[in-house]
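Structure first, then comments.
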Amino acid sequence: MGSSSPQDHRPPYQRPDESSPEREKFEKKLRGECHCGQVVYWLSTDNPLDVKYCHCHDCQVLHGAPFQLTAILHKADMAFENGTKGLHFYKTGTKRAEYNLPCKVSCSQCGTFILDEGRNMVLISPSPLNLQTKQQRANFDVRRHIFYERRVKDIYDGKPKWAGLDRQSQRLKDSGEPESE
Ligand SMILES: [Zn+2]
Ligand SMILES: [Zn+2]
């Protein structure tokens, strides 16, 4: 018996072969692995609910990138080979390494970012996934931009762009100009 935390036994950290009230059966469809291989996880879907580029300042700093690619899934669609073992939790709200939702989850050894766990959903990084088919790559293609107001570079891809959160802020053109009503 190793150390065990309550979140070990419920999605998204629950192991693929473990059942719980939140998830009876899990089908391994896509595999993800961090850079060093310590963290291995599975998705039971290859079609996320949404895929976004987030240009917010937190994402720019935490991911060391001009923006972050994130795919949204139900928690029950994710499972970890070793539960929470090897995972590092960080809460941006308190700036502390603690498990308190919403929080960021990465590999404790190599630092690969794996997901943001929200209260109801998970927002994952698609980069470590073994996307194999053309359809899977299309499913994980970006669908919209959020916090485009904070961008470091204009992106002319014709995808919908929101100044802040989607559907709760102003729509912007690729150039950053407000869309005319
Ligand atoms: Zn790792
Ligand atoms: Zn962000």
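Below are the figures for this structure:
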{"quantity": "Those residues of the range 98-122 which are of a type outside the set (Ser, Thr, Tyr) and away from ligand 1 (no atom under 16 Å from the Cβ), in sequence order", "calculated": "98, 100, 101, 102, 103, 116, 117, 118, 119, 120, 121, 122"}
{"quantity": "Subset tally (residues that are hydroxyl-bearing (Ser, Thr, Tyr) and surrounded by fewer than 16 Cβ atoms within 10 Å (Cβ to Cβ)) for the range 118-157", "calculated": "3"}
{"quantity": "Candidates 88, 35 - the one that is assigned to a strand (DSSP E or B) and within 16 Å of ligand 1 (Cβ to nearest atom)", "calculated": "88"}
{"quantity": "Tabulated pairs, the range 46-68, first within 14 Å of ligand 2 (Cβ to nearest atom), second open to solvent by less than 30 Å² (accessible area, probe 1.4 Å) and basic (Lys, Arg), C-beta under 8 angstrom, 6+ apart or interchain", "calculated": "62/104"}
{"quantity": "Residue match in the range 66-73 (condition: open to solvent by less than 80 Å² (accessible area, probe 1.4 Å), part of a loop (DSSP other than H, G, I, E, B) and closer than 17 Å to residue 107 by Cβ)", "calculated": "no"}
{"quantity": "Hey, residue 160 more than 19 Å from the chain's Cα centre (by Cα), open to solvent by less than 60 Å² (accessible area, probe 1.4 Å) and more than 14 Å from ligand 2 (Cβ to nearest atom) or not", "calculated": "yes"}
{"quantity": "Meets criteria (within 15 Å of the chain's Cα centre (by Cα), of a type in the set (A, V, I, L, M, F, W, C) and over 29 Å from residue 20 (Cβ atoms)) for residue 124", "calculated": "no"}
{"quantity": "Within the range 132-157, tally of residues that are more than 15 Å from ligand 2 (Cβ to nearest atom), of a type in the set (Phe, Trp, Tyr) and assigned to a helix (DSSP H, G or I)", "calculated": "0"}
{"quantity": "Filter pass, residue 60 being more than 13 Å from the chain's Cα centre (by Cα), surrounded by 17 or more Cβ atoms within 10 Å (Cβ to Cβ) and among the polar types (S, T, N, Q)", "calculated": "yes"}
{"quantity": "Lone unmet requirement of (1) farther than 28 Å from residue 134 by Cα; (2) assigned to a loop (DSSP other than H, G, I, E, B); (3) acidic (Asp, Glu) for residue 46", "calculated": "(1)"}
{"quantity": "Some residue of the range 26-36 being within 13 Å of ligand 2 (Cβ to nearest atom), touching a Ser or Thr at 6+ places or on another chain (Cβ under 9 Å) and modelled with pLDDT of 95 or more", "calculated": "no"}
{"quantity": "The range 85-117, residues that are free of Cβ contacts under 8 Å to residues at least 40 places away in the same chain, surrounded by 15 or more Cβ atoms within 10 Å (Cβ to Cβ) and among the basic types (Lys, Arg)", "calculated": "91"}
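The values are calculated or read from the model by the stated rules, or taken from the named source; none is laboratory data. Remember, it's a predicted structure, so these values are computed and weren't measured experimentally. Note that each Cβ is placed from the backbone with ideal geometry, even for glycine, and that neighbours are counted across all protein chains shown. Note: accessible area is taken over every heavy atom of the protein model, side chains too, but ligands, DNA and RNA are not part of it. Shrake-Rupley method; radii C 1.70, N 1.55, O 1.52, S 1.80 Å.
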